[in-house]
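First comes the structure, then the notes that go with it.
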Amino acid sequence: MADQDGKVSGESSQSFVGFVQRVWPRYRFAQPAHLVSLIAVLIVAYFAFPGGDVQGKPSTLVSLIHLGCFATYFGAQIWVVFFAGITMFHVLPRHMFGHIQSYLFPMFFSLGVVMLSATLVTYLIHHPYDSWSRQEYIQGGILAVSLLATFFNGIYLVPASTAVMIERHKIEKEHGLGSKVSRETDLSKLDNNAKYQRINKRFSSLHGMISICSLVTLMGNALHLYYLACNLSTL
């Protein structure tokens, strides 16, 4: 059974199903129990402590979805940008770090697209477009830009940078590099390798664009957090 589960055809590995089969754990984790518990407690809370729904206004459920989706991705951003990424960079061997990021980034930005899409949709439900004030135009624009930046990261920049990273790692392995953490890796022996320098320049460019798009989204989410804080009484 284990051998069959481990076999993923070349064709299916390119599909979403193949990706899930390669990434999702094949042994027992506590995540399903956590997910069921989370959903259960929200259902109980929804019926036990009904919100003050007002006729003509969005329901408590819409507000819950908006806040939950926004908080989920904003929290994930804080963790990835300020904790997980830095820790892995300084602790893991250079190539292992890149390999792990090549799996985490697609999931991270896919999460972002889903959560920001839900945030924007529920924002539009709360604030119909034809009644937008100047402030609501700005907030709607911020959410839309954040979503587009995250989508561009996930659909183009991350796959492109991963492909370039694999080429770069291949050359480094040929020269016995990549088994140490990045700060201890001496890449000077590749200074005269024209192919490597060309690939490295391309990777740096893509990585810089990923960072810029991520920063745009982070700032957009921070501004939306401030907007929510200013309007807590009307959520």
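The values are calculated or read from the model by the stated rules, or taken from the named source; none is laboratory data. These numbers were taken from a predicted model, which means no experiment stands behind them. Every residue, glycine as well, gets a Cβ built from its backbone with ideal geometry; the counts of neighbours run over all protein chains shown. To get the accessible areas, we keep the full protein, side chains included, count just its heavy atoms, and leave off ligands, DNA and RNA. Shrake-Rupley method; radii C 1.70, N 1.55, O 1.52, S 1.80 Å.
Quick one: in the range 61-88, of everything that is touching a residue at least 60 places away in the same chain (Cβ under 8 Å) and surrounded by 15 or more Cβ atoms within 10 Å (Cβ to Cβ), which residue is farthest from TYR226 (Cα to Cα)?
Taking the candidates together, the pick is VAL62.
Given the options ALA194, ALA163, ALA149, name the one that is farther than 24 Å from MET88 by Cα, open to solvent by 40 Å² or more (accessible area, probe 1.4 Å) and of a type in the set (A, V, I, L, M).
The conditions single out ALA194.
Restricting to the range 107-135, count the residues that are more than 14 Å from HIS66 (Cβ to Cβ), at pLDDT below 95 and either surrounded by 16 or more Cβ atoms within 10 Å (Cβ to Cβ) or basic (Lys, Arg) (or both).
1
Considering (1) surrounded by 15 or more Cβ atoms within 10 Å (Cβ to Cβ); (2) touching a Lys or Arg at 6+ places or on another chain (Cβ under 8 Å), say which one SER179 fails and leave the rest.
The one condition SER179 does not meet is (1).
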